[in-house]
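The structure under discussion appears below in the form of structure tokens.
The values are calculated or read from the model by the stated rules, or taken from the named source; none is laboratory data. These figures come from a predicted structure and were not determined experimentally. Here the Cβ is made from the backbone with ideal geometry for all residues, glycine too, and neighbour counts use every protein chain on show.
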Amino acid sequence: MKKLFVVLAILFVGILLAGCTSQPSVNVTTTAPTTVPTAVPTIVPTVNATVVPTVNITPNQTATTVPTPTPTPQPTFTITFTTDMRIMPSTSLTVPVGSKVVWVNNDPRAPHGVEAVDGAGAKYFGGTIPGQIPFGKSFNVTFDTVGSFDYRTTFQPATTGRITVTK
């Protein structure tokens, strides 16, 4: 069996060597084409005249800038429902037009709320249907009209208040 492998290996090497024989080289000559190049047309772009505005610069002058008006922040007032059933600082405030009034419930035992007493306050207090302010939450109203707006608190002993809005 060993002889068979030796014979096969010799045949295999012989075949490989037979394929690797070199052949005589052949010189290949190429001739360049004898064509005459044709002239490439020259394209001249058309330039359209552009009018450039004249800018007059005067040295040593600073530009005048008009400042952008910054909106005046409107004040915010806070009314707080406390754990001892009090309202701090008071139920009635006088505020300038555009002010925001925030009612905050800091009473973990009960919800609180505000409702309009009459039609004038209904615009700001959501009507005369009691609303709830859960513990830790707030109710915000921005007063954009001059006048007096009456409200009453809900879910506690009846307390009335008035927000007076001035110019």
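Of everything in region 133-167 that's assigned to a loop (DSSP other than H, G, I, E, B) and of a type in the set (Gly, Ala, Ser), which residue is surrounded by the fewest Cβ atoms within 10 Å (Cβ to Cβ)?
Filtering first and then ranking leaves Ala158.
Taking the stated definitions as given, is Thr128 exposed (fewer than 15 other Cβ atoms within 10 Å of the Cβ), closer than 19 Å to Ala158 by Cβ and at pLDDT below 85?
Here the answer is yes, as Thr128 does meet what is asked.
When you scan region 90-111, do you find a residue that is within 33 Å of the chain's Cα centre (by Cα), of a type in the set (Ser, Thr, Tyr), in a helix (DSSP H, G or I) and closer than 18 Å to Gly161 by Cβ, even just one?
For region 90-111, residues within 33 Å of the chain's Cα centre (by Cα), of a type in the set (Ser, Thr, Tyr), in a helix (DSSP H, G or I) and closer than 18 Å to Gly161 by Cβ: absent.
Right, Tyr124: of a type in the set (Phe, Trp, Tyr) and in contact with a Gly (Cβ under 6 Å, 6 or more places away or on another chain) or not?
Here the answer is no, as Tyr124 does not meet what is asked.
For residues that are assigned to a helix (DSSP H, G or I) and either over 24 Å from Asp144 (Cβ atoms) or not basic (Lys, Arg) (or both), tally how many sit in region 112-132.
Here the count works out to 6.
Any residue in region 96-112 that is under 11 Å from Gly136 (Cβ atoms) sitting within a Cβ distance under 6 Å of a residue that is surrounded by 20 or more Cβ atoms within 10 Å (Cβ to Cβ) and not small (Gly, Ala, Ser)? List the pairs, counting only those 6 or more apart or interchain.
Between residues of region 96-112 that are under 11 Å from Gly136 (Cβ atoms) and residues that are surrounded by 20 or more Cβ atoms within 10 Å (Cβ to Cβ) and not small (Gly, Ala, Ser), the close pairs are Asn105/Phe81; Asn105/His112; Asn105/Ile133; Asp107/Phe81.
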